[in-house]
Amino acid sequence: MINKTFTVEKANHFIAENKHLVNTQYKPEDHFSAEIGWINDPNGFVYFRGEYHLFYQFYPYDSVWGPMHWGHAKSKDLVTWEHLPVALAPDQDYDRNGCFSGSAIVKDDRLWLMYTGHIEEESGVRQVQNMAFSDDGIHFEKISQNPVATGADLPAEVIAADFRDPKLFEKDGRYYSVVAAKHKDNVGCIVLLGSDNLVEWRFESIFLKGVEHQGFMWECPDYFELDGKDCLIMSPMRYQREGDSYHNINSSVLFTGKVDWGEKRFIPESVQEIDHGQDFYAPQTFLDDQNRRILIAWMQTWGRTLPTHDQEHKWACAMTLPRILRLEDGKLRQFPVKKGQYQIQIDKDCHYHLGNDTDYLEFGYDSNAQQVYIDRSHLAQKILGEEEQDTSRRYVDIEAKELDVILDKNSIEIFVNQGEASLTATYYLTVPAKLSRID
């Protein structure tokens, strides 16, 4: 059944007619944001016909979350992006309340998308998996076999109402998808679906089940191999705080380990938080033409105040700069595709203010505590969250030797010791962004 409330054509028309109304005071210059409206998770990050494509969760009609569409852009360098027409709208019965997150893969020079259809009914929520394809990389057709996977395909121990965010990959000539789910034990789990042709899918296994302190729902999984290790990225809700990690109510983590492909189960060996700042969620990766594993994330997290919405700027949220990933001695290293404006060599304490005496972001290195930090407590426009503990100051415990700092109109990304750690945060200054060292 076709749902005419939202269509690709309506969305594209609305963007063309209204994008000139956007207030660009805080709109980033070097980070991706939509022309208008709200964005969240990156989707379908992929290399196709010589260009990088980025899809994303998108609600063009307001600067808050709404019925999800898939926005679309492409780039030749991962820094400068060209906006493309909206790729998907919630226009079918099986996705009528939202085209939720998913991913992309190229097969026989055709671009395929796998996404979650969100359905709200009197009896509750259903989430199903769907496929769409494109032969020109711009216009997408949803296949007639949708939905290709539903809660009926899952074992009884999995809660079918939370079954979303499929991430496609190919292994030994077969197609797979890791999908987020919730276990009846009130922990997150990742299920594995398999297919020979991207159209007919079946449940393969519970790929990984969480334990109690690792959060009650895992979103946006991503499986890949990196430097000889199997890797599984996910974004848990309410991962238990531990030392300098998992302070946000929603985190993003990397499990490393190995997959038993006979049992189709992921065997974890280590887990680490990917970014130690306030605004980093739902990362997704892809392998490019140079065999680089590249990650991009939503530069935001759920439950935060949004000054651009409150001030009716008609846009909200952006993506991080893409990052090249490597594993060295089991530890993740991240390298931004664009070098920062400031390379800071550290031989003692260094503290920086961005702003003026009454409205400023503070960041730097505390040599006594051996912490690199971002502190938003002195901003005039407070950014508050749902956390029970204060997250205005986030930090990573590390002996820092150098910082690579990337500043945009409303964001900061700090890379420590050549990508050994990273911190990402947003801010909204009411004064000029003057940078000064204060120690």
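What FRET efficiency comes out for Asn291 versus Glu399 if R0 is 22 angstrom and r is the Cβ-Cβ distance? Round to the nearest 0.05. FRET efficiency, Asn291 to Glu399: 0.10. Summing charges over all other residues whose Cβ lies under 12 Å from the Cβ of Asp275, with Lys and Arg as +1 and Asp and Glu as -1, gives -2.
Heavy atoms only, probe 1.4 Å: what % of the accessible area of segment 374-439 goes to carbon and sulfur, would you let me know? Each step should come with its number before you reach the end.
Working: 1310 of 2810 Å².
On segment 374-439, the fraction of accessible area on carbon and sulfur atoms equals 47 percent.
Of Leu429, Tyr175, Phe6, which is farthest along the charge dipole of the chain in the positive direction, counting Lys and Arg as +1 and Asp and Glu as -1 at C-beta? So the residue we want is Phe6. Dipole check for the chain: with +1 at the C-beta of Lys and Arg, -1 at the C-beta of Asp and Glu, and the Cα centre as origin, the magnitude is about 420 Debye.
Taken as Cα centroids, segment 305-361 and segment 369-439 sit 7 Å apart, rounded to the nearest whole angstrom.
Site pair Asp310 and Val199 shows an inter-label distance of 5.2 nm when each label is modelled 7 Å from Cα along Cα→Cβ. Relative protection proxy for 225-235, 35-45, 341-351, from highest mean packing down: 35-45, 225-235, 341-351 (other beta-carbon atoms within 10 angstrom).
For His53, His378, what's the largest-to-smallest order of accessible area, 1.4 Å probe? Spell out each step's value before the answer.
Numbers: His53 5, His378 70 Å².
Output order, biggest surface exposure first: His378, His53.
Take every Cα pair under 8 Å whose residues are at least 6 apart in sequence, average their separation, divide by the length of segment 42-100, and the relative contact order is 28 percent. This structure gives P(r) over Cα pairs in 20 Å bins from 0, in percent, computed directly, and of (1) 26, 55, 19, 0; (2) 27, 59, 14, 0; (3) 22, 47, 28, 3 that value is listed as (2). For segment 272-365, which whole-number percentage of the solvent-accessible area (1.4 Å probe, protein heavy atoms only) is attributable to carbon and sulfur atoms? Carbon-and-sulfur percentage of accessible area, whole number: 42. Note on the chain: dipole from Cβ charges, positive end direction compared against His378, Met217, Trp298; the farthest Cα belongs to Trp298.
Taking the Cα centre of segment 237-337 as origin, sum charge times position over the Cβ atoms of Lys and Arg (+1) and Asp and Glu (-1), and report the length of that vector in debye to the nearest 20.
140
Could you work out the equivalent-ellipsoid semi-axes for segment 92-150, taking the square root of 5 times each eigenvalue of the Cα gyration tensor, largest first, in whole Å? Mind showing how you got there, number by number?
Numbers: eigenvalues 113, 18, 16 Å².
Square roots of five times the eigenvalues give 24, 10, 9 Å.
The phi-based Karplus calculation (6.51 cos²θ - 1.76 cosθ + 1.60; θ = phi - 60°) puts the 3J(HN,Hα) values of segment 176-183 at 9, 9, 8, 10, 6, 8, 10, 8 Hz, whole numbers, x for Gly and Pro.
Only lysine pairs 8 or more places apart, or on different chains, with alpha-carbon atoms under 21 angstrom apart are counted in segment 301-439, and they number 12.
I want the local charge near Pro336. Using Cβ-Cβ distances under 11 Å, sum +1 for each Lys or Arg and -1 for each Asp or Glu among the other residues.
Values: positive: Arg323, Lys338, Lys339; negative: Asp30, Asp404, Glu413.
So the surrounding residues net to 0.
Backbone geometry of segment 107-123 corresponds, through the Karplus equation with coefficients 6.51, -1.76 and 1.60 at θ = phi - 60°, to 3J(HN,Hα) couplings of 9, 6, 6, 10, 8, 10, 10, 10, 9, 9, x, 9, 10, 10, 10, 4, 7 Hz, x marking Gly and Pro. Taking every protein chain into account, the 1.4 Å probe leaves Arg174 with about 40 Å² of accessible area, to the nearest ten. For the set Lys76, Lys409, Lys182, solvent exposure ranked by accessible area (probe 1.4 Å, protein chains only) runs largest to smallest as Lys76, Lys409, Lys182.
Distance from the C-alpha centroid of segment 6-71 to that of segment 221-271: 29 Å, rounded to the whole angstrom. Name the long-range amide H neighbours of Asn250: under 5 Å, sequence gap of 5 or more, or other chain; modelled H, no Pro or chain starts. Those qualifying (amide H under 5 Å, at least 5 residues apart or on another chain) are Arg238.
The values are calculated or read from the model by the stated rules, or taken from the named source; none is laboratory data. Keep in mind it's a predicted model, so treat the numbers as computed, not measured. All Cβ positions, glycine included, derive from the backbone under ideal geometry; neighbour counts span all protein chains shown. Surface areas here come from the heavy atoms of the whole protein model, side chains and all, with no ligands, DNA or RNA. Shrake-Rupley method; radii C 1.70, N 1.55, O 1.52, S 1.80 Å.
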